[in-house]
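Bear in mind that the values in this text are calculations on the coordinates, not laboratory data. Please read these numbers as outputs of a predicted model, since none were measured by experiment. Cβ placement follows ideal geometry from the backbone for every residue including glycine, while neighbour counts extend to all protein chains displayed.
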Amino acid sequence: MDDFIYAKIIDGDIIFFFEEGCTQKELFEQFQKKLNMMKNFFKMGDSFYIYLKDDTQYNLLPKVAKFASTLNLQLAGAYFGDLPSVKKSKKELNLSSTKIFRKHVRSGQVIENPGDIIIFGNINKGAEVNAGGSVIVFGKVAGIIRAGLSNKRNVFIIASQMESSLIEIAEIPLFNYQWPETPVSIRTTGDEALVEQLEI
């Protein structure tokens, strides 16, 4: 198995999944590579969880925690065997198919990804973001967002501030919508788009 460790965001937590059928040495080496590849995603002091499908590998925990501390990260906890039902019922973002941008999307720029998109910045007027899945924006949206282009189920758009004249989710357009001044969440229910105020 080439990718026997992968990361997802579930209910706001970053969880590294450790697959079965590998030695502890293979798992730990792959985890070191994966965490080093993703270190720009984290901020100093951030935490994450791990999920060991093979619960006999529990003695990996001290090694994982020690290595994380060298990158100024923290192991917040671990799951074994099976995820709790509360986590299973939540929307997942698979980070291997998610594009993460730590910058503003400027006028004239087009960002596309067949999976989910997370943006730590603004989407300026004249910019466009197209995602097969969901879009999360930690900033102001004045440009165009199209989400759910390939996956029309369980997709959503979240923005800290929404001022866009065109948002489209699962092919349902919202033209010149009167957005609330609070952070917003947009999701589909049946053939309609539902806009909700979001408390962060």
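Things worth noting here:
- Here's how it looks for Ile111: its modeled amide H is under 5 Å from those of Glu128, Val129, Asn130, which are all 5 or more places away or on a different chain.
- Surrounding net charge for Asn122, when Lys and Arg each add one and Asp and Glu each subtract one, Cβ distance under 13 Å: +4
- Net length gained if the chain between Phe42 and Ser107 were fully extended (0.36 nm per residue, minus Cα distance): 20.7 nm
- Cβ-defined net charge surrounding Gln161, 12 Å radius [Lys, Arg +1; Asp, Glu -1]: -1
- Prolate/oblate/rounded call for segment 5-88, Cα gyration tensor, a/c under 1.5 rounded: oblate
- Each helix, a run of at least 4 DSSP H residues, gives -39500 (n - 2.57); summed and divided by the residues of the chain, these come to -4000 deg cm²/dmol at 222 nm.
- Among beta bridges identified by DSSP and lying wholly in the chain, the antiparallel ones come to about 40 percent.
- For Ala159, the residues 5 or more places off, or on other chains, whose built amide H falls under 5 Å of its own are Val137, Val184.
- Applying the Karplus relation 6.51 cos²θ - 1.76 cosθ + 1.60 with θ = phi - 60° to segment 62-68 yields 3J(HN,Hα) values of x, 5, 4, 4, 5, 5, 4 Hz, where x marks Gly and Pro.
- Burial order of peptide ranges 123-133, 97-107, 147-157 (average beta-carbon count within 10 Å, highest first): 123-133, 147-157, 97-107
- For the pair Ala76 and Gln24, label points projected 7 Å from Cα toward Cβ lie 2.6 nm apart.
- Candidate aspartates and glutamates - alpha carbon under 16 Å from Lys125, same-chain residues fewer than 8 apart omitted: Glu163, Glu168
- Most positive-pole-ward Cα, Phe120, Asn151, Val135, against dipole of segment 98-197 from beta carbon charges: Phe120
- Packing, as the average of other Cβ atoms within 10 Å across residues, places the peptides 38-46, 108-116 in the order 108-116, 38-46, highest first.
- Count Lys and Arg as plus one, Asp and Glu as minus one, and take only other residues whose Cβ is under 12 Å from that of Lys39; the net charge is then +2.
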